[in-house]
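Participant: Shown below is the structure under consideration.
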Amino acid sequence: MPFLRYFVPLLMLLIGIVFLSLGYHHWQTSSQLLRASTVAEGAIISIDPFMSSEAGKSSSLQYFPKVAFTTSAGEQVEFQSTVTRRADHYKKGDQVRVLYQQDDPQTAVIGSFNDLWVLALIFTISGMMVVVLSGWFFRRALRR
């Protein structure tokens, strides 16, 4: 069956394109955030533990830093980072760079490489690898 011979490479190509699209989306989001954000100095006020559990897997303890900062308008804001960290990555009182939108400071993020670029890199590199592998599988299928 010729269709089945090309099914795996085409499926891999589709998955690779989805990953590349997600990488591009995260890159665009981070780029826009950097262009349109105001920078402030913040401080870690707590490291909140969270026990995550997935079906069939053991639980793991994850840590989310909570940050407080003052906007350029003088408003005190606290937010919880959405990126998990090791327990020893930040300590209470550590100073961090904060990026926030002036019209919505609650959507602030820690201005670190991990918070801004890691997802974009993971999806882009994974997508490129899957696209290259799909090309290799497709080439093998053509030789048969």
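Taken together, the values in this text are just the output of simple stated rules run on the coordinates, not laboratory data. Just so it is clear, the model here is predicted, and its values are computed rather than measured. A quick note on method: Cβ atoms are made from the backbone with ideal geometry, for glycine too, and the neighbour counts reach across all protein chains shown.
Participant: Calculate the all-directions average of the projected area of the chain's alpha-carbon convex hull, and give it in nm².
Facilitator: Hull-based average projected area comes out at 11.9 nm².
Participant: Could you tell me which residue out of LEU20, SER31, VAL131 lies farthest along the dipole of the chain toward its positive end? Charges go on the beta carbon: Lys and Arg +1, Asp and Glu -1, centred on the Cα centre.
Facilitator: Checked the options; the winner is VAL131.
Participant: On a full-extension model of 0.36 nm per residue, what is the gain between LYS92 and ARG139, subtracting their alpha-carbon distance, rounded to one decimal in nm?
Facilitator: My answer for the length gained is 11.5 nm.
Participant: Each label point is 7 Å from the Cα along the Cα-to-Cβ direction; what then is the distance between the points at GLU78 and VAL118, in nm?
Facilitator: 2.4
Participant: Tell me the volume per residue, in Å³, of the convex hull enclosing the alpha carbons of the range 63-144.
Facilitator: Each residue corresponds to 117 Å³ of Cα convex hull volume.
Participant: Note down the magnitude of the dipole of the chain about its Cα centre, charges +1 on Lys and Arg C-beta and -1 on Asp and Glu C-beta and zero elsewhere, to the nearest 20 debye.
Facilitator: On the way: 13 positive and 10 negative charges, 243 e Å.
Dipole size: approximately 1160 debye.
Participant: Can you give the FRET efficiency for SER126 and LYS66, using 1/(1 + (r/R0)^6), R0 = 30 Å, r = Cβ-Cβ distance, to the nearest 0.05?
Facilitator: About 0.50, to the nearest 0.05.
Participant: While we're on this one: Which GluC sites (Glu not before Pro) in the range 41-135 pass both tests, a DSSP loop state and at most 11 other beta-carbon atoms within 10 Å?
Facilitator: Taking the range 41-135 and a limit of 11 other Cβ atoms within 10 Å, the loop GluC sites (Glu not before Pro) found are GLU54, GLU75.
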